[in-house]
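Read through the structure below, which is laid out as structure tokens, and then see the notes.
No value in this document is a laboratory result; all are computed from the given coordinates. Since this is a predicted model, take the numbers as computed values, not measurements. Every residue, glycine as well, gets a Cβ built from its backbone with ideal geometry; the counts of neighbours run over all protein chains shown.
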Amino acid sequence: MKSLKSIKNWTLTKSLKNNNFSFKRNYVLRFVPSLLLTNAFKSISSWKNYKATPLLKLDKLQKHLKVNNIFYKDESKRFHLKSFKALGGAYAVEKISKGKKNIISQYVSDTRVKEIKKFGAEVIRVKGDYENSLNECKKLSKKNNWKIVQDVSTKEYKLVPQLTMAGYSIMIKEISKQTNQYITHIFLQAGVGGMAAGVVTGVAKYFKRIPKIIIVEPDRADCVLQSIKHNKLKKIKIKKESIMGGMSCNEMSYIPWQILKKTSNCCVSVSDRNIAKTVAMLKDKKLSKNSIIGGECSAPGIMSLVGVCNNTKIKKIIELNENSNVLVIGCEGNADVKLYKQLLSKGRK
Ligand SMILES: Cc1ncc(COP(=O)(O)O)c(C=O)c1O
């Protein structure tokens with residue numbers, strides 16, 4: 001595989017400054033109240049095997065890009081789930097229900113289904129995409145009187161998504177104890193926006209200074225960027241699924257929209273092109289002295305940071321420079337083992 005020099009050609013597909021930006025802590029915590037965040041931390045930190053995930057440094061990349069620090073929150077070490085999702089979904093399930101049915105779309109890989117089944121769940125695969133599976137879930141739940149635990153909020157369905165976001169905020173609580181450097185920029189991957197908004201609630205509660213928030217999406221599924229551009233919740237058409245499967249969503253969740261429309265400084269999108277290379281670079285210590293296991297949804301945060309650094313205009317807009325302390329979220333490890341192996345071997349070529 002090529003050296004770090006090869007990243008000089010990495011580009012963003014789109015970038016958009018949010019003209020309605022106005023970060024107010026009180027506004028954010030109206031949607032996910034501070035007490036919910038406190039309770040989430042109390043609960044989750046009391047779980048067996050709880051441990052803060054490592055806050056690593058991409059020291060080689062930071063030197064190459066000439067920024068002060070690049071921190072990488074390594075969620076591959078989150079419990080045995082190898083994903084930040086353990087914080088939100090599992091917490092919401094604990095609070096709400098003991099249900100064991102999972103309804104997932106036709107595009108979810110067999111490896112992921114296998115992993116979910118390991119937890120004792122019955123999995124129902126629905127023909128179609130993420131939205132189809134949500135609709136089927138609603139239908140079946142109504143019919144069978146099941147409780148739905150899913151992270152997509154609507155005007156009528158708020159509590160579970162709030163709990164999920166409160167769970168995600170723990171990443172920021174941990175980071176506030178792991179470094180005394182002020183984070184100046186956070187790159188946040190988004191599907192329906194739950195993780196990004198959850199992190200933002202954590203920022204509102206736990207960080208002394210508010211960093212710049214940059215939302216990262218696959219260019220084939222840029223529903224946050226489009227919503228911010230049009231200043232209204234926008235449903236988009238996904239013509240082809242991105243390899244960043246978990247982020248391949250066509251419409252934002254309601255509460256994340258309320259939060260992110262005010263708190264994100266900028267939205268960017270990237271193609272699938274450099275995912276495999278980034279996965280391999282993480283693993284092969286090209287970006288840091290540690291070898292890092294980061295899956296397909298961990299790569300785009302790094303790719304976007306590189307894309308911004310290669311774009312003078314957007315770099316200036318978000319004031320990214322040699323004093324910046326950047327945070328990227330390594331959302332997951334090799335949660336999908338088969339896909340991870342494929343990406344690794346492709347990225348090493
Ligand atoms: C595996 C995975 N699924 C989904 C998402 C998107 O989360 P959300 O739909 O809450 O925005 C991410 C990261 O953004 C991810 O890493």
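Each peptide among 36-43, 212-219, 196-203 gets the average number of other Cβ atoms lying within 10 Å of its residues, and from highest to lowest they stand as 196-203, 212-219, 36-43.
Here's the picture: charge each Lys and Arg Cβ at +1 and each Asp and Glu Cβ at -1 in the chain, and of 132, 88, 154 the one pushed furthest to the positive end of that dipole is 88. Distances between placed amide hydrogens fall under 5 Å for residue 13 paired with 269, 270, 271, all partners being 5 or more residues away or on another chain. Counting Lys and Arg as +1 and Asp and Glu as -1 over every other residue whose Cβ lies under 11 Å from the Cβ of residue 270, the net charge comes to -1.
Quick check: the angle from helix 337-347's long axis to the longest principal axis of the chain, C-alpha only, nearest 10 degrees? That works out to roughly 20 degrees.
Could you work out how far helix 34-44 tilts from the main Cα principal axis of the chain, as a 0 to 90 degree angle to the nearest 10? Around 80 degrees separate the two axes. For the chain, what proportion of DSSP beta bridges, expressed in % and rounded to the nearest 5, is antiparallel? The antiparallel proportion sits near 25 percent.
Cross-link list 117/341; 77/262; 155/239; 142/237; 127/341; 286/349: which exceed 23 angstrom alpha carbon to alpha carbon? With Cα atoms farther than 23 Å apart: 77/262; 155/239; 142/237; 127/341.
Solvent-free Debye calculation, one equal scatterer per alpha-carbon of the chain: log10 I(q)/I(0) at 0.06, 0.08, 0.14 Å⁻¹ equals -0.19, -0.34, -1.15. Model label sites at residue 316 and residue 341, defined 7 Å from Cα along the beta-carbon direction, differ in position by 4.9 nm. Taking the C-alpha atoms only, the angle from helix 159-168 to the longest principal axis of the chain is near 30 degrees.
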